[in-house]
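Below is one structure, written out as structure tokens; comments come after it.
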There are 2 protein chains.
Amino acid sequence: MNELEDFLALKDRFIPQLSVDCVIFGFHNQQLKVLLLKLKNLDLWALPGGYVEQSEGIDDAAQRILEERTGLRDIYLEQFRVFGSADRSTKEFIQKIMEVHHPESMNDPWVLQRYVSIGYYALVDFSKVNPTPDFLSEYCEWFEMKQLPKLAFDHREIIQKALETLRITLDSKLVGSNLLPETFTMMELQSLYETILEMPLRRNNFQRKMLSLDILERIEKLYTGAANKAPYLYRFKKS
Amino acid sequence: MNELEDFLALKDRFIPQLSVDCVIFGFHNQQLKVLLLKLKNLDLWALPGGYVEQSEGIDDAAQRILEERTGLRDIYLEQFRVFGSADRSTKEFIQKIMEVHHPESMNDPWVLQRYVSIGYYALVDFSKVNPTPDFLSEYCEWFEMKQLPKLAFDHREIIQKALETLRITLDSKLVGSNLLPETFTMMELQSLYETILEMPLRRNNFQRKMLSLDILERIEKLYTGAANKAPYLYRFKKS
DNA sequence: TTGTTATTATCTCATTATGGGACAATAATA
DNA sequence: TATTATTGTCCCATAATGAGATAATAACAA
């Protein structure tokens with residue numbers, strides 16, 4: 001496990017006791033998804049995360065972590081909350097993880113210290129992501145928000161809080177332009193909003209609202225082969 | 001400077017390279033004010049701030065710092081953003097501050113390290129605050145938002161960001177109940193909103209809006225001695 | 001060719017919210 | 001009793017939103 005040794009040796013590169021956790025949202029098959037990592041030899045999943053280098057801004061750290069897990073650069077990223085309550089009970093989890101990988105590391109009190117974690121949420125085009133695990137994990141997979149697996153630390157709470165923030169900022173930020181592919185139908189856009197808000201919206205009023213914002217460009221019709229009127233394709237206007 | 005030595009000796013009590021800065025808002029004489037500290041022997045002011053103890057939650061740390069500077073407990077507090085860009089240039093300021101107080105401390109690389117700071121804003125009843133400086137400062141005073149003095153670090157930016165957040169959340173949070181005294185007139189409430197939003201509002205529409213929210217209780221009339229109709233006093237409903 | 005069917009795109013109307021002016025009520029004073 | 005400066009409401013035009021109704025149309029079946 002040389003990687004881990006390297007990691008422990010490099011601890012001076014990072015700000016101690018501070019981590020960054022990223023809730024990466026994607027949208028696929030009318031469902032909101034989150035990218036998670038399966039921890040090696042444990043029946044536990046975790047958010048993509050990492051540490052902040054001494055010479056690195058926190059937003060840069062988040063971008064770096066995101067690029068490592070998705071292969072994408074310049075991702076839409078939003079800081080939403082710091083998780084630093086005294087009872088985050090990260091110790092028990094780190095203990096579990098470290099015991100499995102490298103029992104000797106337990107002698108180094110550094111790994112067992114309490115962490116304060118900065119929560120970011122990211123919006124990505126599902127189809128462009130290349131999920132890549134890190135050295136503590138064996139897989140990297142998308143999970144539907146409704147069916148999250150068993151999560152380490154307080155990561156379930158972090159995901160929940162990220163979604164709440166996303167909901168609140170839904171109509172002030174252009175969420176769609178980051179979660180949807182280049183072109184999409186009005187129904188797909190509506191379905192995205194309904195999924196995030198967890199409530200049905202009316203087709204007619206939703207379309208009126210979206211068109212009135214003057215942020216969409218109507219391209220051509222999409223002929224799906226279905227026996228009904230073909231919907232228009234839209235894209236977000238450039239600026 | 002024994003206090004400082006104690007402080008340096010106690011560094012293991014705190015999470016390193018992490019600080020908390022509090023933007024404490026008050027409202028007085030129709031003006032929005034911020035509580036600031038005057039750094040000893042320097043022509044510089046700074047936000048009340050501090051470090052997070054190893055066994056302390058970050059919100060608890062903020063409450064502790066707030067209590068030390070204002071004498072108030074259970075203050076309305078909201079985390080709004082983390083400041084951790086690589087170029088926060090805190091070093092030059094810390095250097096300035098430490099040179100003045102304790103040149104020997106400069107040998108300890110700890111004090112010169114880069115910091116990541118969690119920004120909180122607090123809303124307090126101006127009249128109840130007892131401003132109290134900390135060991136690095138000589139005064140603790142209220143400043144009008146429009147006339148801030150020369151500020152250390154990136155504290156001006158932090159204050160600006162806090163105000164922006166306050167504006168955005170103005171109608172979802174009950175800002176008034178924290179910034180105003182127990183009872184107040186409709187005009188005072190409106191004046192608070194106008195000051196925060198930096199825009200004039202219409203008396204009739206503002207009153208209609210506020211009353212329709214069903215959060216205010218009308219008490220009795222306030223006879224000021226002025227030659228005009230006496231305004232009602234209001235208080236925020238309990239629950 | 002001509003219906004049929006399932007959607008999509010719009011239109012319309014009622015209801016509610018908001019902007020902005022007008023007016024009546026009233027506490028102290030002249 | 002009249003005056004004055006505010007305060008509390010009312011009214012109406014306009015904008016935004018909720019909810020049903022109707023027209024357009026792409027593929028398929030008859």
query = Charges only on Cβ, +1 for Lys and Arg, -1 for Asp and Glu: so what's the dipole of chain A about the Cα centre, in debye to the nearest 20?
reply = 1360
query = Where the accessible area of the protein assembly as shown is counted over protein heavy atoms with a 1.4 Å probe, how much of it, in %, is carbon and sulfur?
reply = 48
key: Dipole in debye (nearest 20) - the protein assembly as shown, about Cα centre, beta carbon charges: Lys, Arg +1; Asp, Glu -1   = 2720
task = With a cut-off of 15 Å, note down the residues of the range B:210-224 whose backbone N falls inside the zone around a label point 7 Å from the Cα of B:MET187 toward its beta carbon.
result = B:221-224
task = With a cut-off of 16 Å, note down the residues of the range B:188-207 whose backbone N falls inside the zone around a label point 7 Å from the Cα of B:LYS146 toward its beta carbon.
result = B:191-201
query = Which residues make up the longest stretch of chain A that has no GluC sites (Glu not before Pro) in a DSSP loop with at most 16 other Cβ atoms within 10 Å?
reply = A:1-181
ask   = Per-residue HN-Hα couplings for the range A:126-133, Karplus 6.51 cos²θ - 1.76 cosθ + 1.60 at θ = phi - 60°, whole Hz, x for Gly and Pro?
value = 3, 6, 9, 7, 10, x, 10, x
task = For the range A:54-67, take each phi angle, set θ = phi - 60°, evaluate the Karplus expression 6.51 cos²θ - 1.76 cosθ + 1.60, and give the result in whole Hz per residue in order, putting x for glycine and proline.
result = 4, 9, 10, x, 5, 5, 5, 4, 4, 4, 4, 4, 5, 5
note = So for R0 = 45 Å, FRET eff. of A:GLN54-B:THR132 from the Cβ-Cβ r, to 0.05, ends up at 0.85
Derived scalar couplings ³J(HN,Hα) [the range A:81-91; Karplus, 6.51 cos²θ - 1.76 cosθ + 1.60; whole Hz; x for Gly, Pro] = 4, 9, 9, x, 5, 5, 9, 5, 6, 7, 4
query = What number, rounded to the nearest 500 deg cm²/dmol, is the helix-based mean residue ellipticity at 222 nm of chain A, given -39500 (n - 2.57) per DSSP H run of at least four residues and division by all its residues?
reply = -9500 deg cm²/dmol
Shielding by partners - mean other protein chain Cβ count within 10 Å, residues of B:53-61 = 4
note = Inter-copy distances for A:ASN205, label 7 Å out on the Cα-Cβ vector, sorted ascending, nm, one decimal, are 2.2
request  = May I ask for the accessible area buried between chains B and A, both sides summed, probe 1.4 Å, to the nearest 100 Å²?
outcome  = 1500
inquiry  = So if each residue of separation counts as 0.36 nm, and I subtract the Cα-Cα distance between A:LEU174 and A:LYS229, what length gain in nm does that give?
reply    = 17.0 nm
ask   = Suppose R0 equals 51 Å; then what is the FRET efficiency for A:LYS209 and A:LEU112 from their Cβ-Cβ distance, rounded to the nearest 0.05?
value = 0.50
task = Tell me which residues come under 5 Å, amide H to amide H, from A:ARG81 once H is placed; ignore anything under 5 positions away on its chain.
result = A:GLY119
message = Once the label point is set 7 Å along the Cα-to-beta-carbon vector, what list of distances in nm do you get between B:THR224 and its counterparts in the other copies?
response = 6.3
ask   = Whats the longest run of chain A with zero trypsin sites (Lys or Arg not before Pro) that are DSSP loop and have at most 14 other Cβ atoms within 10 Å?
value = A:74-149
request  = Could you work out, residue by residue across B:78-84, how many beta carbons of other chains sit within 10 Å of that residue's beta carbon, and then give the average as an integer?
outcome  = 5
request  = Using Cα pairs closer than 8 Å and at least 6 residues apart in sequence, work out the relative contact order for chain A, in percent.
outcome  = 24
query = Can you list, shortest first and in nm, the gaps between the label point of B:ALA86 and those of its counterparts in the other copies, using a point 7 Å from Cα in the C-beta direction?
reply = 3.7
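The values are calculated or read from the model by the stated rules, or taken from the named source; none is laboratory data. Just so we're clear, the structure is a prediction, and the values are computed from it rather than from any experiment. Here the Cβ is made from the backbone with ideal geometry for all residues, glycine too, and neighbour counts use every protein chain on show. For the accessible areas, the whole protein counts, side chains as well, though only heavy atoms, and no ligand, DNA or RNA atoms are used. Shrake-Rupley method; radii C 1.70, N 1.55, O 1.52, S 1.80 Å.
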